[in-house]
1. In the stretch A:279-289, how many are buried (at least 21 other Cβ atoms within 10 Å of the Cβ) and either closer than 16 Å to A:Leu157 by Cα or of a type in the set (Asp, Glu) (or both)?
2. For the stretch B:187-205, enumerate the residues that are touching a Leu at 6+ places or on another chain (Cβ under 8 Å) and not in a strand (DSSP E or B).
3. Run down B:Val49, B:Val34 and say which single residue is in contact (Cβ under 8 Å) with a residue 24 or more places away in the chain, more than 21 Å from B:Val84 (Cβ to Cβ) and not in a strand (DSSP E or B).
4. Just one of the numbered conditions (1) part of a loop (DSSP other than H, G, I, E, B); (2) at negative phi is not true of B:Gly41; which one?
5. Out of the helices (runs of 4 or more DSSP H) lying entirely within the stretch A:1-116, which hold 3 or more residues that are within 14 Å of chain B (Cβ to nearest Cβ)?
6. Among the residues of the stretch A:110-135, how many are touching a strand residue (DSSP E or B) at 6+ places or on another chain (Cβ under 7 Å) and surrounded by fewer than 24 Cβ atoms within 10 Å (Cβ to Cβ)?
7. I'd like to know if the stretch B:176-186 contains one or more residues that are surrounded by fewer than 19 Cβ atoms within 10 Å (Cβ to Cβ), away from every other protein chain (no Cβ under 14 Å), farther than 30 Å from A:Gly185 by Cβ and in contact with a helix residue (DSSP H, G or I) (Cβ under 9 Å, 6 or more places away or on another chain).
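The values are calculated or read from the model by the stated rules, or taken from the named source; none is laboratory data. Only a predicted model underlies this, so the values are computations on that prediction, with no experimental measurement involved. No Cβ is skipped: glycine too gets one built from the backbone with ideal geometry, and neighbour counts run over all protein chains shown.
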Amino acid sequence: MAILVDEETRVLVQGITGREGSFHAKQCLDYGTKVVAGVTPGRGGRTVEGIPVFNTVREAVRETGANTSLIFVPAPSAADAIMEAAEEGVGLIVCITEGIPVRDMIQVKAYLRGKGTRLIGPNCPGVISPDRAKVGIMPGYIHRRGSVGVVSRSGTLTYEVVHGLSQRGLGQSTCVGIGGDPIVGSSFVDILELFAKDPETEAVVMIGEIGGTAEEEAAAFIQENFRKPVVALIAGLSAPEGKRMGHAGAIISGGRGTAQDKIAALKAAGIPVASTPEAVAELVASVLS
Amino acid sequence: MKIHEFQAKEMLRSHGIQVPKGGPATSGEEAVEVARRVGNGPWVIKAQVHAGGRGKAGGILMASSLHEVGEVSSRLLGARLATVQSGPQGHLVKKVLVEEAVQVERELYAGVVVDRSEGRAVLLLSASGGVEIETLAKERPHEIVREFLEPWGELPSFRARRACFALGLDGEVRSQVEKALRGLCSLFHEEDCTLAEINPLAITKEGVVLALDAKISLDDNALFRHPSWFQLRDPEEEDPLEVEARDYGLSYVKMDGTIGCMVNGAGLAMATMDVVLQVGARPANFLDVGGGAREEVVSRAFEILLKDPKVKVILVNIFGGITRGDVLARGIVDAASKLQVHVPIVVRLEGTNAQEGHRILEESGLRIHVAKSMVEAAKLASTLGRN
C-alpha cells in the first residue's frame with residue numbers, strides 16, 4: 001500500500017496540450033504511471049504522446065475511467081478546471097498551477113465541501129508513490145520505494161530531502177507536496193491522517209515553512225493522535241517580516257507564522273526538528289532504529 | 001501589493017463607505033487648494049507611505065490655518081519618514097493626504113483577512129479602534145468578533161447585525177456600521193484583496209460613521225483581472241532591485257547581509273539562507289530562479305545580485321531535478337563568464353548528473369568554488385566573504 005496514488009491510479013491531465021502539460025504527461029508515462037486521458041477544451045480528438053485528448057472532463061472520464069486529475073491549466077482558468085474535475089466525481093485532483101488568486105481558491109474550497117473529492121495543491125510538485133505511480137513534476141528517479149512518508153509545502157526542498165533519504169537507503173512510501181499557497185486543498189493534518197492508516201508508512205518527514213499555522217496544527221494533531229515517529233524541517237528562520245518569500249503563502253504577518261514559533265510548537269510536541277535539509281535523513285534513521 | 005491610504009479610501013468610497021472629506025497633494029500649494037475645498041479647518045495632513053506607525057513617527061500632523069496646511073505639507077513632502085515598520089532608512093514622502101479633522105466619539109476596528117486554515121475570508125471587528133489587531137489578538141483575543149464571508153464575498157445582514165450587537169451598537173449608528181462592514185466585505189472580494197482594514201472606523205460626535213484610516217493589500221496573483229492596478233502600484237515604495245527582479249520574472253527579496261544567494265525553488269532558497277545564518281553569516285537576499293533554472297534566468301539573477309554593493313560572495317545552491325546538473329553547471333559557467341563576475345562564487349550542486357556538473361564548474365577557469373554540502377558551501381562563502 002501507499003497513500004493517494006498507486007498502480008490503480010488512472011490519470012487524466014488537464015491542460016495536456018500546453019508546454020508543461022505535454023512534457024510532464026510524458027514524464028509521468030515514462031515513470032510507469034497510467035496516464036489515460038488529456039483534456040484541453042477545443043483540442044478534443046487529438047493525441048499527445050499517444051494519450052487521447054478530450055474537450056471535457058466528462059467525456060474523458062466516461063471514455064477512459066480516469067480517477068485522478070493532474071492540472072497544468074494556467075492560473076486564470078485553474079479554479080474552473082478543479083471544479084470541472086470535481087463535478088465529474090474525480091476522486092483525487094492534483095493541481096500544479098502556481099499563481100491562482102486567493103479569491104478563486106476560497107470559491108474552490110466552498111465548492112469541494114461535502115463532495116468526495118480530495119484536492120492536493122495548488123502550487124505544488126504533486127504526489128509520488130515510488131515504483132508505482134508519479135502524479136506530478138518531481139524527478140522520479142531520486143525516489144526509492146520504502147517506508148518513509150513525506151509531506152511538504154515546498155518543491156525543490158522536498159527533492160533535496162528525498163534525495164538524501166534515498167542515498168541513505170531510506171525509501172519512501174508516498175511523497176506529497178501540499179503546495180505553497182495560503183489556501184491549499186489538503187493540509188498537513190489531512191495527509192498525516194492518511195499516513196496513520198497506511199501500514200507501509202513507518203515514519204513521516206514533514207517539511208514546513210513560514211506563514212500560516214498549518215505546522216502548529218499538525219504538531220497538536222501529532223501529539224494527540226499520531227503514533228508513528230515524525231521528523232520535521234522548517235524553512236524560513238532567516239525570513240524578514242511582511243515579505244513574501246517566493247511562495248504566496250510564505251509570509252510572516254503581524255509577527256505570526258514565524259519559523260521560530262513553528263519549531264517551538266513542534267519541539268513542544270516531542271517532534272525532532274532537523275537544523276538543515278541534509279540533516280533530515282540522519283534524524284529519520286535515528287527515529288527508525 | 002500594497003497601496004496608499006488615499007487610494008484605499010478611494011476604493012472604500014466607491015463601495016459606499018464614508019471617509020473624511022479630503023484629497024492627495026504633492027506640493028504645499030496643492031495641499032492648500034485641497035484644504036480650501038474641504039472646508040474651514042482644522043485639517044489633518046497625512047504622509048502617504050507604505051508603512052504603518054506614521055502617527056508616532058511624526059507623519060500625521062494637524063493644521064488649524066491654511067497657512068499652516070501649506071507649511072506642514074511642505075515640511076513633510078520630500079522628507080524621509082522612518083516608522084517602526086519602515087526600518088531606519090525610512091520612506092520618501094511624495095504625497096500627503098489633506099483631510100478635514102473630525103470630532104471622534106468612539107473608535108472601532110474593522111478588517112477582513114483570509115483565514116488560511118478555514119479557507120474562507122473572515123471579518124474581524126473590535127471595540128478597540130486604533131489598536132493594532134495583532135496586538136489585540138495576542139493580548140485580548142476574546143474581544144475580537146469574527147464573522148465569515150460567503151464565498152461570493154457577501155457578509156449576510158444577519159452576521160453584520162450580530163457583529164454590531166456583540167459590540168453593543170444600536171440604533172442609527174448600528175445600521176451605519178452594518179452598511180460599512182458589508183461594503184468592506186464586498187470590496188475585499190471584488191478588488192481581490194488579501195487584507196482590507198479600517199482602523200479606526202470612527203463614530204463622530206454627530207453620529208456619522210467614517211473610515212479615518214485604511215490599509216488595503218491586493219493579491220498580486222489577481223493582477224490579470226485588474227488592469228487598473230498598474231496605476232495603483234508605486235514602484236518607488238519598493239526596493240529598486242526587487243522591482244527589477246520582478247520585471248525579469250524572478251522572485252527576489254532584498255536583505256542586509258553580504259552573501260548573495262541564488263537558489264532554485266522558494267523552499268530550498270529559504271533553507272539555504274537559514275544555513276547561511278547558522279554558520280554565522282548573513283544572507284544578502286532571497287532569490288528563487290525557479291525549478292528549471294535556465295541559463296538566461298541565471299544570467300539575470302547574477303546581474304541582480306551584482307548590483308547589490310553589499311554582496312561580497314555569491315552562493316549558488318541548485319538541486320538538479322528534471323533539468324540535469326551538467327546543463328545547470330554549463331548555464332552557471334556561461335552566465336558568470338559573460339558577466340565577468342568579480343566576486344567569488346561558491347556552488348553547491350546536487351541531484352541529477354551532479355558529478356558531471358562539478359567537473360564542468362571546476363574546469364571552467366573561473367573563480368568558482370565547488371562545495372559538497374549546503375553547510376560546507378555556507379561556511380566557504382562566509383570565509384570568502386570576510387576577505
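1. First, the residues of the stretch A:279-289 that are buried (at least 21 other Cβ atoms within 10 Å of the Cβ): A:280-281, A:284.
So of that shortlist, the ones also either closer than 16 Å to A:Leu157 by Cα or of a type in the set (Asp, Glu) (or both) come out as A:280-281.
Qualifying residue count for the region: 2.
2. Those that are touching a Leu at 6+ places or on another chain (Cβ under 8 Å) and not in a strand (DSSP E or B): B:Leu187, B:Phe188, B:His189, B:Glu191, B:Asp192.
3. Answer to the selection: B:Val34.
4. B:Gly41 satisfies all of (1) part of a loop (DSSP other than H, G, I, E, B); (2) at negative phi except (2).
5. Numbers: elements: A:19-31, A:57-64, A:75-87, A:102-112.
Where helices (runs of 4 or more DSSP H) fall fully within the stretch A:1-116 and carry at least 3 residues being within 14 Å of chain B (Cβ to nearest Cβ), they are A:19-31, A:75-87, A:102-112.
6. If we filter the stretch A:110-135 for residues that are touching a strand residue (DSSP E or B) at 6+ places or on another chain (Cβ under 7 Å), which is where we start, we get A:112, A:117-122, A:124-131, A:134-135.
Adding the requirement that they be surrounded by fewer than 24 Cβ atoms within 10 Å (Cβ to Cβ) leaves A:112, A:117-118, A:130-131.
Qualifying residue count for the region: 5.
7. Checked the stretch B:176-186: at least one residue is surrounded by fewer than 19 Cβ atoms within 10 Å (Cβ to Cβ), away from every other protein chain (no Cβ under 14 Å), farther than 30 Å from A:Gly185 by Cβ and in contact with a helix residue (DSSP H, G or I) (Cβ under 9 Å, 6 or more places away or on another chain).
Rundown of residues vs (1) of a type outside the set (Phe, Trp, Tyr); (2) over 22 Å from B:Ile203 (Cβ atoms); (3) under 27 Å from the mean Cα position of the chain (by Cα); (4) in the same structural domain as B:Lys94 (by TED's automatic domain parsing), yes/no style:
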{"position": "B:Ile3", "(1), (2), (3), (4)": "yes, yes, yes, no"}
{"position": "B:Ser27", "(1), (2), (3), (4)": "yes, yes, yes, yes"}
{"position": "B:Glu33", "(1), (2), (3), (4)": "yes, yes, no, yes"}
{"position": "B:Arg37", "(1), (2), (3), (4)": "yes, yes, no, yes"}
{"position": "B:Lys46", "(1), (2), (3), (4)": "yes, no, yes, yes"}
{"position": "B:Ala57", "(1), (2), (3), (4)": "yes, yes, yes, yes"}
{"position": "B:Glu68", "(1), (2), (3), (4)": "yes, yes, no, yes"}
